[in-house]
Amino acid sequence: MRFRVVPAAYVLPLRRVGEIDEVLLQLRRGTGYMDGHWAAAAAGHVEVDESVQAAACREVAEEIGIAVEPADLVPLTTMHRTQGNHQEIDERVDFFFACRSWTGEPRLMEEAKAADLRWYSLDDLPDPLVPHERFVLAGLRGEDLPAIVSYGF
């Protein structure tokens, strides 16, 4: 059977406050996937005829109301991920980006899909947190984050 994947772009806005690195996270609701869990501030599927960088920039505008230039996206890792159930929607390739520069002030834009938006220290992340995203955030704390990772296999 040929493997098919759904590509998605994730953007982790980061800021430094004194000696502390913080990441902006949203609290998911009403999506049917990991509702009640904290997650990347902006993430979503790559659309037809759209590059992953364009998708990342579109998602931050749609979900948190900021403008990001493709050049401001810093690749973190690419995650080949599965739920192991052989459903196409659960076979993924996720592209994670950090971003420290943007225009505008982050705010909730899709309140039907997110209940809250907050900055968290990378050393004090909230629970519950989407597990595969926690893996990436742990890598941002100085742990080993490979360029390409398999998750769930």
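The values are calculated or read from the model by the stated rules, or taken from the named source; none is laboratory data. These numbers were taken from a predicted model, which means no experiment stands behind them. Note: ideal-geometry Cβ built from the backbone for every residue, glycine included; neighbour counts use all protein chains shown.
Restricted to region 35-54, and to residues that are crowded, with 16+ Cβ neighbours inside 10 Å and either closer than 18 Å to Ala114 by Cβ or at pLDDT below 95 (or both), which residue is farthest from the chain's Cα centre (by Cα)? Steps first, answer last, please.
Here is the first cut: in region 35-54, the residues crowded, with 16+ Cβ neighbours inside 10 Å are 37-44, 46, 52-53.
Imposing the further condition that a residue be either closer than 18 Å to Ala114 by Cβ or at pLDDT below 95 (or both) reduces the set to 37-44.
Numbers: His37: 13, Trp38: 10, Ala39: 7, Ala40: 4, Ala41: 6, Ala42: 6, Ala43: 5, Gly44: 8 Å.
So, considering only residues that are crowded, with 16+ Cβ neighbours inside 10 Å and either closer than 18 Å to Ala114 by Cβ or at pLDDT below 95 (or both), the one farthest from the chain's Cα centre (by Cα) is His37.
Could you tell me which numbered condition Trp119 fails, if it satisfies all but one of (1) out of contact with any helix residue (DSSP H, G or I) (no Cβ under 7 Å at 6 or more places or on another chain); (2) over 17 Å from Ala42 (Cα atoms); (3) aromatic (Phe, Trp, Tyr)?
That leaves (2) as the condition not met.
Surrounded by fewer than 17 Cβ atoms within 10 Å (Cβ to Cβ), touching a His at 6+ places or on another chain (Cβ under 7 Å), more than 17 Å from Leu125 (Cβ to Cβ) and at pLDDT 95 or above: which single residue out of Val6, Val93, Val74 fits that description?
After applying the criteria, what remains is Val93.
What are the pairs, 6+ residues apart or on separate chains, where a residue within region 77-89 that is in a loop (DSSP other than H, G, I, E, B) has its Cβ under 8 Å from a residue that is modelled with pLDDT of 80 or more and surrounded by fewer than 16 Cβ atoms within 10 Å (Cβ to Cβ)?
Gln83/Gly152; Gly84/Gly152; Gly84/Phe153
Going by the conditions given, is Glu63 under 15 Å from Val23 (Cβ atoms) and part of a helix (DSSP H, G or I)?
Working: under 15 Å from Val23 (Cβ atoms): yes; part of a helix (DSSP H, G or I): yes.
In short, yes.
Is region 6-19 home to any residue that is in contact with a Ser or Thr (Cβ under 9 Å, 6 or more places away or on another chain) and either more than 17 Å from Phe95 (Cβ to Cβ) or without any contact (Cβ under 8 Å) to a residue 60 or more places away in the chain (or both)?
yes
Could you list all residues from region 90-115 that are of a type in the set (Ser, Thr, Tyr) and in a strand (DSSP E or B)? Give the derivation first.
The first filter runs over region 90-115 and keeps only residues of a type in the set (Ser, Thr, Tyr), leaving 101, 103.
Residue satisfying the conditions is Thr103 alone.
Kindly check whether there is at least one residue in region 100-113 that is in contact with a Leu (Cβ under 6 Å, 6 or more places away or on another chain), surrounded by 12 or more Cβ atoms within 10 Å (Cβ to Cβ) and of a type in the set (Asp, Glu).
no
All but one of (1) farther than 20 Å from Arg107 by Cβ; (2) hydrophobic (A, V, I, L, M, F, W, C); (3) not in a loop (DSSP other than H, G, I, E, B) hold for Val48, so report the exception by its number.
Single failed check for Val48: (3).
Give the residues of region 15-39 that are in contact with an Asp or Glu (Cβ under 6 Å, 6 or more places away or on another chain) and assigned to a strand (DSSP E or B), sorted by residue number.
Arg15, Leu27, Arg28, Ala39
Cβ contacts < 6 Å: first residue within 24 Å of Gly139 (Cα to Cα), restricted to region 112-124; second residue among the β-branched types (Val, Ile, Thr) and surrounded by fewer than 17 Cβ atoms within 10 Å (Cβ to Cβ), any location; separation 6+ or different chain. Result?
Within 6 Å, the pairs are Ser121/Ile20.
Anything in region 103-137 that is over 18 Å from Tyr33 (Cα atoms) and under 13 Å from the mean Cα position of the chain (by Cα)? List them, or say none.
Hits for region 103-137 are Val136, Leu137.
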